[in-house]
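The values are calculated or read from the model by the stated rules, or taken from the named source; none is laboratory data. A quick note: this is a predicted structure, and the numbers were derived from the prediction, not measured. Note: ideal-geometry Cβ built from the backbone for every residue, glycine included; neighbour counts use all protein chains shown. Ligands, DNA and RNA are stripped out before the accessible areas are found, and what is left, the full protein with its side chains, is counted by its heavy atoms. Shrake-Rupley method; radii C 1.70, N 1.55, O 1.52, S 1.80 Å.
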Amino acid sequence: SSRSISGVTASLQGGGSGGSGQSEVRGGGATAVKKRPTSEPSAFEVKAEEASGDGELKGDHSAKVCKDSSAAVIAKKLKNRNRMNFSRKVTHAGFGLGFAVLNQIIPRERFVAGMTIVTSTTLLVELLRYRKGFGWMNDALHFFLRGTLRKHEMEGKFTGSFYYFLGVTLSAYLYPKTAATLGICQLALADPSASYFGRQTRHIYWSRIENGLGGFGRNKGMLGFLGGALFCLPFNYRVLSIAALPTTTTRTTIATVSALLGLAGAFADLAVPTPALTVPKSIGNMKVPSWVPPFHVDDNLVVPIFSSFACTKIFQAFGFSQELELARCIIF
């Protein structure tokens, strides 16, 4: 009969419409509902599920995540790099200006030694925190830094802190004190302000570099670059106007040097592409070992070093002494 025929006939509903995300199989009087996932799992979740018994992920040198680590849980709470994250920018500027002041008031040898210890300790934490038994390090980072962290920094990548400390350390070691101090100040101000203005003007398409010029400035914008440079101008002018410059130095000269310093910092930030260049998985036919750390080119490293170098050349061009004395606390 038609009733018996319908009892043994199975029909699939919801599979092709894409609306319910469920497949129903009916047979006789019973109904079985099989749910399909409504979205693809993230790459990080896939890697976490594929973790081997010893707690390390295999096959990807850029992410070694422990099963007992809470990094995956923390990552879901964090914002990705496309969000404004204003608190991160304020923290970035505060630390930079603080390091610049310390570089001024602490003897060079002691400051470099102290920053070397800080940088080395941070590197050790970065190398250990994804390994089995060290997941508590991620909990500690999240406890202290909270929303200033970014999502990718809990998905196998290093935090920006390591590159920040390394950039400050190398600047203080490689260049005269005044050039290093001003370079660190550009890191503190040009980097976050260029990011802010670039994000605010991202809808102005003619200003965007898109795929970059051979990788240069990929996914960044010229208006962000100019905004970052202009943001640094008043600060640099204040710093230089109260420095021990010759009495014959004109306001125009101070303003010009201040603008060039800001442009150097913003240019260095512009040059680093987004997303950053990372250690490749293979070089030619040779596969990069899984134990190689996930290093990448970071603007926190590039900006202070390039800005300090540029400062030495700008001072030379305008006849400023490389040993120019700044105010003890830089701006007062």
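Restricting attention to region 288-332, and to residues there that are aliphatic (A, V, I, L, M) and either closer than 19 Å to Y164 by Cα or assigned to a helix (DSSP H, G or I) (or both), which single residue is most open to solvent (accessible area, probe 1.4 Å)?
In this case the residue turns out to be A317.
Restricting attention to region 213-228, does a residue exist that is more than 21 Å from K313 (Cβ to Cβ) and in contact (Cβ under 8 Å) with a residue 60 or more places away in the chain?
The answer is yes; a qualifying residue exists.
Has region 144-162 got any residue that is open to solvent by less than 20 Å² (accessible area, probe 1.4 Å), touching a residue at least 60 places away in the same chain (Cβ under 8 Å), closer than 13 Å to F99 by Cα and touching a helix residue (DSSP H, G or I) at 6+ places or on another chain (Cβ under 9 Å)?
no
Quick check, is E109 part of a helix (DSSP H, G or I), at pLDDT 95 or above, of a type in the set (D, E, K, R) and more than 20 Å from S307 (Cβ to Cβ)?
Taking the combined requirement at face value, the residue satisfies it.
Only one of R199, R238 is closer than 29 Å to M115 by Cα and of a type in the set (K, R). Can you tell me which?
The match here is R238.
Do the conditions hold for A179, that is, is it of a type in the set (A, V, I, L, M), in a helix (DSSP H, G or I), at negative phi and under 22 Å from the mean Cα position of the chain (by Cα)?
No: the conditions fail for A179.
Of the residues A255, A264, A243, which is part of a helix (DSSP H, G or I) and within 18 Å of K177 (Cα to Cα)?
A264
Scan region 197-233 residue by residue and report those that are touching a helix residue (DSSP H, G or I) at 6+ places or on another chain (Cβ under 6 Å) and among the small types (G, A, S).
G198, S207, G217, G221, G224, G227, G228, A229
Restricting region 194-240 to residues that are among the polar types (S, T, N, Q) and not in a helix (DSSP H, G or I), which is least open to solvent (accessible area, probe 1.4 Å)?
The qualifying residue least open to solvent (accessible area, probe 1.4 Å) is T201.
Go through region 114-140 and report how many residues are hydrophobic (A, V, I, L, M, F, W, C) and in contact (Cβ under 8 Å) with a residue 60 or more places away in the chain.
Residues that pass the stated criteria total 2.
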